[in-house]
Amino acid sequence: MALTPSRRDREMEKFGETSTGKAGIRAIIEGLNPSGDLLGYTLEAGITAEPAGIQGDVPLTKTMNIIETVGTANDSATLASIPDDSFSYVQIVVNDSDKVAKLFPALGNNAGAGLNLGVLVGPGSITKFNSISLTEWKVG
């Protein structure tokens, strides 16, 4: 059953904004159906952030991305390019490590810290990125 955007947003808020830390991450994982999708979203787990990473390293290609390994604070990954036909694309990043990760936007995009600049995602956190244009993400 496809969810309407408003219901989808409410479901994602329930997981992405009110649940934090290991308990929130566990709730997300337990909410997965056997195909690995959460409410029709795609999932990739087991992501390792790139040491001394730069923009473009470790591209996040799914809607839900679970970073499990951050070897050194500020190891990084890169958000997807916003599809040409979407002003309402969503990417969720779960940092399931015990260190801060840095998330860069795709080249020429803004993830909330400025053009081509990375944003920090705390350990044990869930961060939702919403596209508000073809080149700009809004956190939350």
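The values are calculated or read from the model by the stated rules, or taken from the named source; none is laboratory data. Note that the structure is a prediction, hence the values are computed from the model and not measured. Reconstructed Cβ throughout: ideal geometry from the backbone, glycine too, with neighbour counts over all protein chains shown.
What the table shows:
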| quantity | calculated |
| --- | --- |
| Contacts under 7 angstrom Cβ, first residue in segment 68-92 being under 17 Å from G108 (Cα atoms) and modelled with pLDDT under 95, partner assigned to a loop (DSSP other than H, G, I, E, B) and aromatic (F, W, Y), 6 or more apart | I82/Y89; P83/Y89 |
| Residue under evaluation G122, criteria (1) among the small types (G, A, S); (2) in contact with a helix residue (DSSP H, G or I) (Cβ under 7 Å, 6 or more places away or on another chain); (3) free of Cβ contacts under 8 Å to residues at least 40 places away in the same chain, criterion not met | (2) |
| Residues (more than 23 Å from T48 (Cα to Cα), in a strand (DSSP E or B) and of a type in the set (S, T, N, Q)) located in segment 106-140 | S131 |
| Total residues in segment 41-58, condition surrounded by fewer than 15 Cβ atoms within 10 Å (Cβ to Cβ) and either among the charged types (D, E, K, R) or in a strand (DSSP E or B) (or both) | 3 |
| Matching residues in segment 59-105 - criterion: being out of contact with any Ser or Thr (no Cβ under 8 Å at 6 or more places or on another chain), surrounded by fewer than 22 Cβ atoms within 10 Å (Cβ to Cβ) and not in a loop (DSSP other than H, G, I, E, B) | I66 |
